[in-house]
Amino acid sequence: MKLLPKSKISKFFSIIIFLIITVQLWLNLDPKVVINSTTSMPVGIYYRTDHKCCSKDDIVLIDTRKLMQTSEECRQGVINGYISEEYNLLKRIVGVKGDIVILNNLGITINNSLLRNSKPLTHDSQNRTVMHNNLENRMLLDREYIVKGDSSKSFDSRYFGIVKQDEIITTVKPIFTLNVE
């Protein structure tokens, strides 16, 4: 069996996503469908659940505009083009109420365990300094979360800090995804 090169798979999957989005807009299909085209989380199709939130490992849809109201780093991320205020963020919850969190230049530490691939970038692809959030031994309160993308390059809590419950739209479950990085 001959496998397609990764670049052809990415192009093929991008075309499929484009067609799905086009059909969804054209027919005004189920608004519970979420399409993720960034590599922060697996590229693919997700489904909004009726479960609001939030447990560790839940994948959540975050309202970028609300997050921008509380986070200067998030606003800077929009200005620098890391994210768009027009699109909501898809991230995984890694810290919840009662967890002791450290955010620093080493990465995200939850309850004395440094998360894999969580070291923040110091510079972006245009060699601009990237602002990141710092917390030292902060216990998360009720309705506060630390989120991370699956990619080490994800724009997440390392940069914009704590996400509050009211900034989370809903949880989502993957329907069809493809790991492309």
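Computed with the Debye formula from one identical point scatterer per Cα of the chain, without solvent, the log10 of I(q)/I(0) at q = 0.20 Å⁻¹ comes to -1.44.
Placing unit charges on C-beta atoms (Lys and Arg positive, Asp and Glu negative, everything else neutral), compute the dipole magnitude of the stretch 26-152 about its Cα centre in debye, rounded to 20. Don't skip to the answer; put the middle values down first.
Numbers: 16 positive and 15 negative charges, 26 e Å.
Charge dipole of the stretch 26-152: 120 debye, to the nearest 20.
Once both axes come from the Cα atoms, what is the angle between helix 6-27 and the longest principal axis of the chain, in degrees from 0 to 90, rounded to 10? Computed tilt is about 80 degrees.
How would you classify the stretch 107-181 from its alpha-carbon gyration tensor, with a ≥ b ≥ c the square roots of the eigenvalues: rounded for a/c under 1.5, else prolate if a/b is greater than b/c, otherwise oblate? Cα axes put the stretch 107-181 in the oblate bin. With a cut-off of 20 Å on the backbone N, the residues of the stretch 96-118 near the modelled label site 7 Å out from His51 along Cα-Cβ are 96-99.
Using C-alpha pairs below 8 Å separated by at least 6 residues, the relative contact order for the chain is 29 percent. Remark on the chain: Cys74 stand apart, with no other cysteine beta carbon under 4.7 Å. Just from its helices, what would the mean residue ellipticity at 222 nm be for the chain, if runs of 4 or more DSSP H residues each count -39500 (n - 2.57) and the sum is divided by every residue, rounded to the nearest 500 deg cm²/dmol? Value at 222 nm, helices only: -6500 deg cm²/dmol.
In whole angstrom, note down how far apart the Cα centers of the stretch 76-149 and the stretch 46-74 are. The two parts, judged by their Cα centres, are 13 Å apart.
All of the numbers you see were taken from the coordinates with simple rules; none came from a lab. Values in this document were obtained by computation on a predicted structure and should not be read as measured data. Counting neighbours? That spans all protein chains shown, and the Cβs are built from the backbone with ideal geometry, glycine included.
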